[in-house]
Amino acid sequence: MALSYGLENTNIYITNPSSSVVNFSSAGGICGYSLPPSSSLSNCYNTGSVAATSSDSSPAAVGGISGSSRYPNNTPIRNCYWNVDSIQEIDGTLLEGGDKKGIGDDQYSTDTTPLTDAEMNDPSSFVGFDFVDVWYGELGTYPVLRAFGTYPVSFGNIILTKPSGKPGEEVDVEVSFTDNHGIAGFILDFEYDASVLTPVSVTMNPSLSSTSFVENLNYDANKIRVVWLNDIDVTTEELFTIRFRISSDADEGETPVDVAYVEVATAAFSSVATAKRDGWVTILSGLIRGDVNGDGIVDEFDLLLLLQYIAGLKGSGDLDLIAAKIYLDGGPVGLLDAMLLAQHLADPVHVTIPMAPQ
């Protein structure tokens, strides 16, 4: 591509050597010039060499991605990677070390990343690339576009759902293996923030054999490991569900649940190349601590309802147990919560809720 003008260019890769045309002074692995209006380059990489020749009117500029990028506010360049081990040449002179650039004229700071050839053979180097729906990558090869159909059949995607819940509630993260052409075993590790989430259980899909299914909820301080084996390949996509309990003092926002380790194999002892899409749990706001009856106000009626619950006159369905848990000792709603609520109602300025044990 000699010139990018008014185009949104995305998901491009070049693995062959590139060079400038005769008397064209700006050459790049993806394009020579990137110009406004509304031009952009994103999610692209170049592994090949680039050469440029100066013209009568301007010196040569050469870059692993683009020879020149004008008007940066109109020409965003994002998630673009180039091979620092490949040749860059200007007027017959080879560039070395720091003289090599992603954008040749280097007028503006743009998002291009130099990678060694070894790093370009590792899909984890390409931050921002969608390796689930758009790209395929595995160790030892450059990424390719899935649309070209050149990725191996023994390939799949570990995908996690993204549930939401309030502090104190339990949520389910469902784990699937899409594009499953047949697997007979896996080891999967999941990492989470132990100060926000506590694993409760792992439930296997009933359609999968559970005779060789083992989960370790305490594999590490903040990791879960799930192992499964079968004697034949299965193509089931829904694997299992991880249930977490949200901490009662969790702040509003998102907390990640990441796939930390993946090993998948077929019954023929072949490894299955696997991409992953991490998940998260969204912690909802709107919870008013101490508002036991849910009327939006913390007052003596909440204390009365809480005392009736403790005395056995009211059931769990008659009050909000999450809002009632204001003394954060990790135990069930009880006497200490009622005592703290009474003190808070008597002196709300100096006695705040919730409160953790000192």
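The values are calculated or read from the model by the stated rules, or taken from the named source; none is laboratory data. Computed from a predicted structure; not experimentally measured. For neighbour counting, all protein chains shown are included, and Cβ atoms are generated from backbone atoms with ideal geometry for every residue, glycine included.
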Out of all the residues in the stretch 243-254, is one or more closer than 30 Å to LYS325 by Cβ, in contact with a Phe, Trp or Tyr (Cβ under 6 Å, 6 or more places away or on another chain) and surrounded by fewer than 15 Cβ atoms within 10 Å (Cβ to Cβ)? yes
Checking the structure you have, find out if any residue of the stretch 200-218 is assigned to a strand (DSSP E or B) and closer than 30 Å to GLY290 by Cα. yes
Considering only the stretch 318-358, state which residues are assigned to a loop (DSSP other than H, G, I, E, B), charged (D, E, K, R) and free of Cβ contacts under 8 Å to residues at least 60 places away in the same chain. ASP320, ASP329, ASP347
Assess whether THR203 counts as being on the phi < 0 side of the Ramachandran plot and in contact (Cβ under 8 Å) with a residue 60 or more places away in the chain. no
Residues to consider are THR255, THR241; find the one that is assigned to a strand (DSSP E or B), within 11 Å of LEU197 (Cα to Cα) and in contact with a strand residue (DSSP E or B) (Cβ under 8 Å, 6 or more places away or on another chain). THR255
Scanning the stretch 37-52 for residues that are in a loop (DSSP other than H, G, I, E, B) and at pLDDT 80 or above, the one nearest to the chain's Cα centre (by Cα) turns out to be THR47
Only one of VAL226, VAL262 is touching an Asp or Glu at 6+ places or on another chain (Cβ under 6 Å), of a type outside the set (Lys, Arg) and at negative phi, namely VAL226
Pairs, please: C-beta under 6 Å, at least 6 apart or cross-chain, first residue in the same structural domain as THR198 (by TED's automatic domain parsing) and in the stretch 241-259, second in a strand (DSSP E or B) and of a type in the set (S, T, N, Q)? THR241/THR203; ARG243/SER201; ARG245/THR198; GLU254/THR282
Just give me the residues in the stretch 266-320 being of a type in the set (Gly, Ala, Ser), surrounded by 15 or more Cβ atoms within 10 Å (Cβ to Cβ) and farther than 30 Å from PHE126 by Cα, in sequence order. ALA267, GLY290
Subset of the stretch 96-113, residues at pLDDT 85 or above and surrounded by fewer than 18 Cβ atoms within 10 Å (Cβ to Cβ), comes to GLU96
Please name all residue pairs, on different chains or six or more residues apart, with Cβ atoms under 8 Å, provided the first residue is in the stretch 295-317 and is in a loop (DSSP other than H, G, I, E, B) and the second residue is of a type outside the set (A, V, I, L, M, F, W, C). ILE297/ASP291; VAL298/ARG289; VAL298/GLY290; VAL298/ASP291; VAL298/HIS344; LYS314/GLN308; GLY315/TYR309
Can you confirm whether LEU321 is under 13 Å from VAL292 (Cβ atoms), of a type in the set (A, V, I, L, M, F, W, C) and at pLDDT 95 or above? no
Pairs returned, first residue in the stretch 264-286 that is assigned by TED's automatic domain parsing to the domain that holds ILE242 and modelled with pLDDT under 80, second residue that is surrounded by 15 or more Cβ atoms within 10 Å (Cβ to Cβ) and among the acidic types (Asp, Glu), beta-carbon separation under 7 angstrom, 6 or more apart or interchain, are ALA273/GLU138
Would the stretch 222-230 turn up any residue that is at pLDDT 90 or above and part of a loop (DSSP other than H, G, I, E, B)? yes
Can THR198 be described as in contact with a Lys or Arg (Cβ under 9 Å, 6 or more places away or on another chain) and modelled with pLDDT of 85 or more? yes
Pull up the stretch 59-86, narrow it to residues that are polar (S, T, N, Q) and surrounded by fewer than 16 Cβ atoms within 10 Å (Cβ to Cβ), then point me to the one that is modelled with the highest pLDDT. ASN73
